[in-house]
Structure formats: C-alpha cells, structure tokens
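Worksheet: the structure to be examined is printed underneath.
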Amino acid sequence: MSFALWTPLAIPALLAVLSLGVPSPALRRLSPIASSVAVLISGLLLVSVVLADEVPTLGGGLLRADALSAYMLTVVGAVGLVSTWGGLGHATAEPARFTGSYDALISIFLAAMSLAVLADNIGLMWAAVEATTIATAFLVGHHRTPRSLEAAWKYVILGSVGVAIALLGIVLIYAASRGTGEATLSWLVLSQAGLPLDPALIRAGGALAVLGFATKAGLAPMHSWLPDAHSQAPAPVSGLMSGVLLAVALYAILRIQTITDAVIGPDFLRIMLSVGGLLSLFVAAALLIRQRDFKRMLAYSSIEHMGMMAVGAAIGPAALPAVLLYVLGHGLTKATLFVISGRILEVEGTPKIDDVRALLVRRPGLAVPWLIAMAALIGFPPFSIFFSEVGIIVAGFSTGLGVVVGIALVLLLVIFASLTRLTVAMTIGAPAATAFPVVPAAGAGASVTGAVPVSVPSASVTLADAEPHPDDPLMPDRSGHGPMLPLILALGTTAVVAFIAEPVGTLLTRAAEVLGGIQ
C-alpha cells in the first residue's frame, strides 16, 4: 500500500504540468478536481490500512502514514474536492500569458499539503508548508487588482516571517537531538519518551516552531494577513486556505507539541496555546460585531475556530479527538460557505452585507444552503462543530482548565450572536422597496416614491405589461449558480460524522493516541 503515499504527490504534480502545457480548457478546469480525488482516495486507502494496524512507509521512512497522517490526508482531499468541484461555476478568467496557472497552482497546493501531513521528517514538513505559501501567494493575487495584490504581498511577508521563525525552532530541535548520538529530525524518533534531549534547546525550539506555525494557522496576534488574503482570493482558494491550510499548520503545531511534551512536560506549550487561542477568540469576537463584508466575516470566523482548536490542543490528550473532529467539520463547512460566498458575490456584485438583503426571498437557491452552512458553522446540532466544541469544553473542565474554557465559552456566545445577526441581515426579511418595479397607472407616466421609475406611454399599459418577466427581481432565483452536489455532500457529512463510531470514532481515537494517547 506504499503507492498511496506517493500518488497524492505525483498525480497533482503531473496534472499541474498538464494544466500549463496542454491547450485544453476542459483539462485545466478538471485537473484541480482530479487532484483532489487522488488525494482523497489515497487518504481513504491509508485509513483502511492503519485501521488494520499497519503503518506504510516510503523513502526509507521519510514518508510515513500513521493514523493521524492518514486522517489529515483524507481531510485535505475532502475539503479540496468540495472547494474545486463546488468552484466550477466560479469565474477565474486570467490573461492568456497566465493560461492554466490558476489550476496548476491549486494542484501544486494540494500536493504540498499532502507532503506536509505525510512527512515523518519535521524539516521536510516545514519545507512543504513553505511551498504552500509560495503557491497560495499567487492564488491570493489571482484577480490582480490593487487590493488582491496588496493582500498577496502582506501574506507573503507575514507568512515568510512565520515560517522563518519556525525554521529557527526546527534547527534548535535538531541541535538538541545531537545528544542522542545521531542528530535527526524524524518525528517518530524525537517523540519517544526518555531520549537524552537538551531541555533548554527543546524549550526554545518548540516555542519558536509553534510561534512560526501559529502564524500560518492564523492565530492572534499573528493573524493580520488572514482576513485580507481570504477576502481577496478566489472563493475556491479561500475555501482551501481556510479549510485545510490552517488545519495543516495546526497539525504541525500538534507534532511539535508532542516532542516538547515528552521532554519538558505539557505546561509550557499549554500556556502558549491557551493565550493564543483565547486571544484569537477575542479578536474574532471584537471584529465580527461590526463586520460589513461577508467574505471577511468568514475569515474572522476562521480565526475564531482556529482559536478554539488551539484551546483544545492546550487542554491535551483528553480534547484531541474533539479537536481532530473539529478539523474535518470546520474544513467542510468553511469550504462550502466560501464557495457560496463566491456565488453570492458574482450575482450580487458586492461583498457588502448592507447591500445584500432578503436573499431567502430573492435568491432561495443560494440562501438555503448558506443558512444551513451558517447553522453548521455557528455550532448547531447535529453538525459536528457542536460536538467538537462541547467535547473541548467538557475536557477543559475535567482537566482543571475551567477558567480557560469558561472565558472561551463567553467569547463563543458573543461570536454566535454576531454571526447570527449578520446572517439574518443578509437572508431574512422583505427585499428593499427598490427591488420591486412599479407600473404606474395609465396616464401617470411617473413612479411611486422610492420605487424604480418606469416610463410608459399613457394609454399602452395592459395587464400583460404588468406581469413579471423571468428577469424581474420579483421572480425568485432558485438557481444554485454552480454544482450543488458537493455542497450537499459536505453538509451531510458534517451532520452525520459525529454519530459514526466505526470507523470514524476508532480513527479519531487512534489519531489522538499518536499524539500522546487519551487520558
């Protein structure tokens, strides 16, 4: 089964080359979907293998799939499929000289994230995370508007600073490993208890590595790149970045945390992650209260959810199954919402919440999936985010971190109220008066105050003239403006996955055990 370790790397890379070299629009449009399918199938094959108590390796152990790696690879493939398949209807026009670059970069992005979760060497994992920065920088600036280019540069600068800090931390961890007799960056070796690693170097290296990867994960106070990048990138790219790029950075943090916990105990990083998580929740709560842009609203929501996952990581083994379930639920839900937000932006022509009203009346084909996905994001049952957050809160109280999860719960309530208010403002209620064309009475030749002016001959108004036409705003738009099946599958998965004990529950348990067991 070792072939499943290289297929999620080789197939997207091959499809990226074909997207650039083959003059076929159909191939270019479908290559990101094919890359996502390759990653998803590879992840599912590896899941079946690890559940049978096997651990496939490749390249002398450089690539390795334990339960956590297999699970994360499956998440990357699933979220990638929702974003790319759901984004088929998204406008991604590009100049002729850049033909195929958008689709090629998405395939490269998927390959880099796959490498990050499959690498046993934390240095190789770092290189893969850095590769995602390079690929997504061009994707963020894809529209080549001043705002998108500014967001791309901001992302490159802050992201590069973050990964540079992480690299310094990894170098220190490598230096600490020299005490074992043979310096190594193998996560499998470094995470073993009882190794003679220098505690001072591990403390400094772990702190720097976590701080650097926290920048990529969008945790406050290193979050400032995230709202700009996610709001300016094409909607499918925003879905990928929010759904799995942040999760892969969190995965790197969890791997580093396992090494530091084995050497210096859990208290040191517990404080860092608790502070970062609560600060992220506070920033999201403060900025969502008066948010006016629905794509930036989703971006700040990503900061909130990553903050809650960081709190779960701080709690430790008792909360890790809930954190891993959170990764899947948030990824699928956020990919769905970003895809829908792109469709709303295309048909409404504005990202401003104040300019998008009564979607449920005017565009039920977009409003209904938006409302369902927002309910999942906010944390309504039966969606998995609800069970994840409850699991983290219960684990926090049971392990003596009641104050931390109590503060988190208060901030979650503020965020819940803010997101509910903004969602209601966009979807519920009657359309504005200007949305209704009014035909004046014969001879009037004028419009009612506040209505759309209509100029007609005084004697030519008939009943047929007053009947609505398909293009009139009075006719509800029931179109989904793109494929609906991937969105339905994503929301359906998040609604049922928390209730599946086999194999999902077993996989989550084994993945948590990889990071230190369940206490």
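Each reported figure results from applying straightforward, stated rules to the coordinates on display, with no laboratory input. The shown structure was predicted, so the numbers you read here are calculated from the model rather than taken from an experiment. Counting neighbours? That spans all protein chains shown, and the Cβs are built from the backbone with ideal geometry, glycine included.
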query: Not counting the cut sites, what is the longest span of the chain without trypsin sites (Lys or Arg not before Pro) that DSSP labels loop and that have at most 11 other Cβ atoms within 10 Å?
result: 291-477
- line: Here, the chain modelled as identical Cα point scatterers in vacuum has Debye log10 I(q)/I(0) at q = 0.10, 0.12 Å⁻¹ of -0.75, -1.05
query: Residue by residue through the range 366-375, which ³J(HN,Hα) values in whole Hz follow from phi under the Karplus form 6.51 cos²θ - 1.76 cosθ + 1.60 (θ = phi - 60°), with glycine and proline marked x?
result: 9, 5, 5, x, 4, 5, 5, 5, 5, 4
- prompt: Could you work out the helix-only [θ] at 222 nm for the chain, with each DSSP H run of four or more residues adding -39,500 (n - 2.57) and the total divided by the number of residues, to the nearest 500 deg cm²/dmol?
  reply: -22500 deg cm²/dmol
message: If Rh is defined by the Kirkwood formula over all Cα pairs and Rg also comes from Cα, what ratio Rg/Rh do you get for the range 204-259?
response: 1.04
- line: Spelling it out for Leu63: with amide H atoms placed in the peptide plane at 1.01 Å from N, the residues 5 or more places away or on another chain with amide H under 5 Å from its amide H are Leu58, Asp120
field: Net dipole in debye of the chain [+1 Lys, Arg Cβ; -1 Asp, Glu Cβ; about Cα centre; nearest 20]
entry: 580 debye
- request: Decide, for the range 91-180, between rounded, prolate and oblate: order the square roots of the alpha carbon gyration tensor eigenvalues as a ≥ b ≥ c, take rounded if a/c falls under 1.5, and otherwise choose prolate if a/b is larger than b/c, else oblate.
  value: oblate
statement: Rounded to the nearest 10 degrees, the helix 67-86 long axis (Cα) sits at an angle to the longest Cα principal axis of the chain of 20 degrees
query: Can you pull the Kirkwood radius for the range 131-234, inverse mean 1/r over Cα pairs, to one decimal in Å?
result: 15.0 Å
query: Evaluated at 37 °C with a viscosity of 0.692 mPa s, what Stokes-Einstein diffusion coefficient in µm²/s does the range 1-48 have when Rh comes from the Kirkwood expression over alpha-carbon pairs?
result: 297 µm²/s
message: In whole Hz and in residue order, list the ³J(HN,Hα) couplings for the range 204-218 that follow from phi through the Karplus curve 6.51 cos²θ - 1.76 cosθ + 1.60, θ = phi - 60°; x for Gly and Pro.
response: 5, x, x, 5, 5, 5, 5, 4, x, 5, 5, 4, 5, 7, x
